[in-house]
Every structure is written in structure tokens, then in C-alpha cells.
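Worksheet: the structure to be examined is printed underneath.
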Amino acid sequence: MLKRLQIYLRILRFNSTITKNSHNIIPEDSSQQWTLEQSQIDNIVKSVPSLVNVSTDIWQKAHSIFTEYGFKTKSFTQIVAEHPKVLTRPTAKISDSLEFWRGCQFGENRVENLILRYPELLEISNNRKILSQIHALKSLVHTSKNVWTLLMNSPNLIHENIKTIEAKFNYMHDIMRLEIPEIVKSQAFSYTLDDIKTRHVFLERLGIFKPRSPKAPPGEISKNPRLHQIMDSTESQFATKVGLVTLAEFEAFKELFKRELNRERNKRSDESDEDE
Amino acid sequence: MLRQRSIFYLPRRFKHKKDHWSVVEKKKHPVDRALSNFDDFYGSVFGNRWRGIRAALLTEHKYIALVNNFGDTEKTCEELELEGAINVRLLYNITKERLPNGPSREVPELGKGSVDTKLRGFIRQQEEQEIASIYPKSAEEVAPSLAEIQFRDEHQTQNIAQAGEHVDPKKSLTETIKEDSEIDLQRIVDPEYGSGALHDFVPANRIKGMEDWIPESEHYKYYSNTTDFPLAIEPEEEFIFPENLQLYSYEKGNCSLFAKPKKSQTGVLTHFLMDGASVLPALLLDVKYGERVLDACAAPGGKSLLMLQTLHPDIVICNDIQESRTNRIKRIMDQYLFDYEEKWHGKRILITQGDARVLEDYELYDKILVDVPCTTDRHSLMENDNNIFKPSRVKERLRLPEMQSAILTNCLRLLKPGGSLMYSTCSLSPIQNDGVVHMSLQKVFSEYGITTTVKDLSRQMKCFGHLFRFENPKNLKYGQMVLPYLPANFGPMYFCKITRNE
């Protein structure tokens, strides 16, 4: 009963925030969202002094390209502040890369968020290679939205060898028995396979992480710590909060496990030598 | 079309081969059995600390290097020091000087320790599980209290009287049997007509065909709390680290490896690598000059070698039960002792093959080291070969404490009055450790009238605190224990020093 009341209250609050926001938006000058004013330029120049010599013309030109692709002025200013090179790059190239990202079918807002977080993505030049990379990612995680979440969490995937990505994915999917939504929502792909293995095996040996039974129903909540808890934490956080042991123990384990992995690798290469 | 395909064709049910992936995945190896057993048992004994111990047990262990005194000693020591290893003797002496004179351990009150209560709870739980596994459906009916049974009986007799011949098909088996027992009394078979065989089955108190089945909970009952022997625990006096013994180790947190032993100029190997914790029992047995020492279960011989390297003992008798194991001792001695065949064999070392439970050289030895066969926790979790958790070795495993206690009892009798004995296991189980010591002390007093004193080594252990991680002495009744800990991954090793009173 109480719970139902809480839910009802939450819905009420949510609705009220929506109406509030819409009230805020309507009276605001809609043109302000899409025009670049001198005061805004001055603000950026204050924080990034190297842009003093750039003429207003170039500013407006770049701005118009971004607005064409649905970027708000606020986003544009943020991108420039983060990544001043945008202004000096030829406009054709910028529109090319924007066109490319729009072609990935993540959705308008998502592309904006992605570029806002990683403005370096505008620097891409070899579109075909990256497109194939994105296709490969999509074949792993199925939907474009998942690919977008992956890129938001670990932008290094654009340039990483697809084989290493696959190896990481297979490890998490087949050995840790995690499901795609959980894999996608963590920054695990920013780390090497050995890092992932180290943290996983450490938890497994502590008896904290048990792989899900293959016959468990797909929606069942497991008692294992989530992947983002495991991977997106600093070493001391991981050791004390997730593993519930001291940092010294995890550090010793890292060293011992590295040796163990090397030994295994040597053994395997020896065996393959013998086969040949 | 009607042609017969083959005259040898036999219809057979399709079955996967043993190496098919689905069979391999389902297979439960002894290692897995050991792990789930430890999770259950040690999880309840050690609580939250078990996690760390578990991870350490499953990861590679750490060594201590014992430098051979018979070939290139100085050179090896120098090399090891260059690698960053620490001389254990120097470290011990420095720590000992700095250690304040604190109070030693008090004699714990038996039966009140936290381990005792934990174990009692665990045994009860184990028993219930086993009963439930045998009588799956009526498990809750097997264990009700006496009052409940009485109440139910009264209730049922009333019911029967009321209902007469009415049969309830939903009734469970035990209930029906109970009711039927009334009827059974009414039709007692006259023994004259030869129905003796019936009495094998009625009343049913045992499962036919499972006479020698031992439930797992039986194993835990070896741990008893009653004391009816004079128990004395004294702190051990001064322990002097043998001058001639060169042990090297890395400090806590340093997981470097030692170089492999090489052949020295004299033809023997330069150093011996052994699990760090095995050093302690042999060291703290404190063999003095000219003493006669027995290593009751010696293989593979590392501990005997350590005692020989102190150059103190007059003679070391290395005993083990199997020939393959005594051969291993021989090989190691040959590798590490210069001129073994001429100068050592039969003069300062005697390798014998025999059961430590039946050795009969009573009151002959000054010092005895008893490193009994145990569940060898680390080994059981790593190797499938010859694993004690194999289903075929269940009986052996459950009766281990009995064997350990028999060995320890007999070895106490082999001791000269005033001599001392070191009991050690490489297991974390309180049953195989304190439980067995307790059992043997009791037996040796009641059957042979031998009184003993348990030596408390906790002060000496503090001096080794930089290298090892020890269990808090409060949690142990008699001995000391090295806990596996990732930065100092030695052990597990339990040891307890017992002196025979004069």
C-alpha cells in the first residue's frame, strides 16, 4: 500500500517537472538557442586565449554547420571550449564527419551527446574503416543504441582491433555469463582483457562472483556484483567495497595472477610448437 | 529393401562420449568437491575472513629458500640477498630484541570458545541436511522434538479411535509406519514358526545395504570439548635460532620468485625451496646438539633436511609408510647432502618404512616431528590426482582424525620423558588440528598414564609476524596456525608443541 502511494507521488512529481520545464522553454527566446552572440564568443575566448585571432566570420560559419545538424548553440560553445581545433578544421570535413555520425542511426540527441562528450570524434577521417568497425560492434551487441552506449562508455573502441574487442566480449558473455545490457553499461571495454580477467578471477576466488547458471531465466536478478561496480571503480574501491578485502591483498593477487597468465600463455605456445 | 543391414546390429541407446562438452561441463572433479566442502565448513568457522583465505588458497603459494650448507653457501646467500631476499634468522633476532615482554596466553576455558559454538552449530546443520537427503519428503518429521512426538502420538491415537478403519491416502510414510506399529503389535509372529529373518528388518533402525555408510557429520564429531585429563599449557621459554641455518624469504607483499636451485661445486644443489610455513614446525621443535630425532611422516623430506641443516641432531630417523615416499626422501637427501651414501646413510640418517601407528621404539627419542597426513587443503584445491576428496576415498577422509590421533598417540609414547614433539598439519580444519591433539592427549593419559604439557609458542610467533600471518591465538585451543594471506601466501599450517612430563 505504502509502496503504491510512493509510486503515485513519484509520478505526480515527474509530471510537475515536465510542465515546469515546458513553461521554462516556451517563454525563452527560441532564436537564442540557435544564434551565436558576441558575448558568448568572448566568454569562450576568455577561457581559451588561443582563439583570440579567429575572426567572427569563422565562428559563425562553424556555428551554422553545427546548427544545421541540430546542435544547440550551447552545445556548440561547449564543443569549441573543449576542442578548439574545430574552428580551424575545414568546414567540409566537419560536415562530413557530422554527416557520418548522423548516418550511424543512433538518433539526433544521442549524436549530440556523443560529440559533446568526445569532441575528438569530429577528427575522424577514414570513414569507411570506422563504419566497418561500427558494423562489427553492432553484430556483437545487436542494436545501434547499444553501440552508442558502448561508445559513450569506451570511445577507444573506434580504433581497437576487432579481434581484441571480440575476445573481451566473448570473455564477458561466455565465461562471466553476463547479458548484453549489463556489458554495454560498463566501461569494461576501456580496459585490457587481462585487466578484466584479473578482477573477475579475483572475485571468483574470493567466492563473491559465481557465474549464472546457463539455465537460469534471463531476467533473474543475480547476487553477483554488477559489471560496472567491478570495472568502473578504482583499485582501492574495488578491493574494499566489492571484494571486501584489503588493497594489499588485491595488489599481491594482481602480481601473482599476471605470472599465472604468462605461465599459461607460455604453456599454450609450447604446445602449439610441439603440434607443428 | 528388406535386406538386413548387419547381422551384428544391436539397438543401443544413444549416449554421449565421455569427452563430449556437455559431459565435461557437468563433471564434478574432486577439486570442486573440496572447494564446496571448504566453503561450507571453513565459511562457518572463519566467517568473513574465509574469503581472503579462499582466494589465497586458490592462488600460487610462496616459498622460503633453505640454503644448503654443503655447497657454495656464501655465494648462494649473496645471490639471494642481491635479489632482495631477507635472512630469516637476522629478522627474527632483530624483532625479538624489540619485542616488549607482554603477557602470554591464558589457558582458554574449554567449550566456551567461539570456534566451539560455531562448530556445534555446523554439526547440527550438517546432520539435518543429511537426514533430509535420505528422507527427502518427510524430512521435517524426522527431527521434531520429543514433546512434539508425544503430543502427536496422543493426538493420533485419539484420531484412530474416532476414525476407525478410515485410511488417509495423503499421509506420509513415517506417519503411516507409526500408526501401523500399533497393528504390528497385535499380530506378533510366533518365533516357533521360524521368522527370525524378519527381525533383521523390524524394527527398522538402519538402512539395509548401507551398513558401512558413514554420514559426513560423523567426521565433525571427533571434535569434543570434555576434558578429563590434566591439561597444562605453559609458555615456551627461550628459542634460539640455529646459527648454521640460512633461510631466506621475501617480506609481506613482495611476491618475487627465487632462482631455481643449481648444482654447486661439490655436486649438491645450492638451495631447497619449500612452502614457507613448513619451516616453522621443524624450526620450533628446537633440536639441540646431539639429540635423536624421529620424523614420523617424513616424505618428501623438506622438514628433515631443515633439521639436518642445523647440524644439531645426532641422528634423524625419517619414517614413512609407502616405499614410493621413502624413495622420495632418499632422492632429496642424495641431492642435498654431500657424500650421502658414505657419510650420512645409516650413520646420521636412517630412512625407514613403516606405519607410524605401530612403531615400537618406546621412550627412545628426544624430539619427534609428526607431520600427519591430512586433507592438505592447498593441494586438494589444486590437483585432481590422488585427491583426498575423490568419492572413492570418502571413508578414508572421514576417518582421517582417527588415524591422525592414532599416530600422535603412538608418537607420544615413543618420546623420552622430558622430550618434546611437534604435531603439524597443513589443514585449516579445527577437527584435524586442536580436535586431534585433544583426543590424543586424552587417550594417552587414560590408556598409558602419560601426562604432557602443551607449549605455547605465541611469543615466538610474534617475532615471525613480518613474514607470516598467524591466526589469533584466542581462536585456537592448543597450537598456532599460519593462515594463507595473499601478500604472504604461506600455509595453511597448524602446529602444536607438546612436551612429555618426566
Once phi for every residue in region A:185-191 is put through the Karplus expression 6.51 cos²θ - 1.76 cosθ + 1.60 (θ = phi - 60°), the whole-Hz ³J(HN,Hα) values, with Gly and Pro written as x, are 7, 10, 8, 4, 5, 6, 9
Please label the shape of region A:39-124 as rounded, prolate or oblate, based on the square roots a ≥ b ≥ c of the eigenvalues of the alpha-carbon gyration tensor (a/c under 1.5 means rounded; beyond that, a/b larger than b/c means prolate, else oblate). prolate
Which value results for Rg/Rh of region A:131-187 when Rg is the Cα radius of gyration and Rh the Kirkwood radius based on the inverse mean 1/r? 0.91
For chain A, modelled as a Gaussian network with Cα springs under 10 Å, which listed residue fluctuates most, A:ARG265, A:ARG199, A:ARG212? A:ARG265
Starting at the first residue of region B:487-501, write each ³J(HN,Hα) from the Karplus equation 6.51 cos²θ - 1.76 cosθ + 1.60 with θ = phi - 60°, in whole Hz, x for Gly and Pro. x, 9, 7, 9, x, x, 8, 10, 8, 9, 9, 10, 10, 7, 6
Could you work out the relative contact order of chain A, using alpha carbon pairs under 8 angstrom and six or more residues apart, expressed as a whole percent? 10
Nearest 20 debye, what's the magnitude of the dipole of region A:39-124 about its Cα centre given +1 on Lys and Arg Cβ and -1 on Asp and Glu Cβ? 120
Computed on alpha carbon atoms, what radius of gyration and Dmax characterise chain A, expressed in Å? 24.1, 77
When Lys and Arg each count +1 and Asp and Glu each count -1, what net charge do the other residues less than 10 Å away from A:LEU151, Cβ to Cβ, add up to? +2
Residues hit by the 20 Å² burial cutoff in region A:182-210, accessible area with a 1.4 Å probe, assembly against chain on its own, are A:ARG205, A:LEU206
Tell me the relative contact order for region A:39-124 as a rounded percent, counting alpha carbon contacts under 8 Å between residues six or more apart. 30
Mind listing the long-range amide H neighbours of B:MET274? Cut-off is under 5 Å, sequence gap 5 or more, other chains count too, H placed in the peptide plane at 1.01 Å from N. B:ILE64, B:LEU66
Could you please state, rounded to a whole Å, how far the C-alpha centre of region B:48-97 is from the C-alpha centre of region A:97-159? 53
For region A:144-258, what class follows from the C-alpha gyration tensor (a ≥ b ≥ c being the square roots of its eigenvalues): rounded when a/c is under 1.5, otherwise prolate if a/b is larger than b/c, else oblate? oblate
For the B and A pair, go ahead and give the buried accessible area with a 1.4 Å probe, both sides summed, in Å² to 100. 1500
Going toward the positive end of the dipole of region B:405-502, with +1 on Lys and Arg Cβ and -1 on Asp and Glu Cβ, which of B:SER446, B:SER424, B:GLN460 do you reach last? B:GLN460
Between region A:213-276 and region B:255-298, what's the alpha-carbon centroid distance in Å? 35
Mind listing the phi-derived Karplus ³J(HN,Hα) values for region A:163-178, rounded to whole Hz, using 6.51, -1.76 and 1.60 with θ = phi - 60°, and x for any glycine or proline? 5, 5, 4, 4, 4, 4, 4, 4, 4, 5, 7, 8, 8, 7, 6, 9
Positive-end extreme of charge dipole, region A:39-124 - chosen from A:LEU122, A:ILE58, A:VAL45 (charges on Cβ): A:VAL45
Near the amide H of B:GLY419, under 5 Å away, which other amide H atoms are found, from residues 5 or more places off or on another chain, if H is placed in the peptide plane? B:ARG500
Under 5 Å from the placed amide H of A:LYS72, counting only residues 5+ away or on other chains, we find none
Just how large is the dipole of chain A about the Cα centre, in debye to the nearest 20, putting +1 at every Lys and Arg Cβ and -1 at every Asp and Glu Cβ? 1140
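The values are calculated or read from the model by the stated rules, or taken from the named source; none is laboratory data. Just so you know, these numbers come straight off a predicted model, no measurement behind them. Cβ sites come from the backbone with ideal geometry, for glycine too, and all protein chains shown count toward neighbours. Quick note on the areas: whole protein, heavy atoms, side chains included, nothing else; ligands and nucleic acids left out. Shrake-Rupley method; radii C 1.70, N 1.55, O 1.52, S 1.80 Å.
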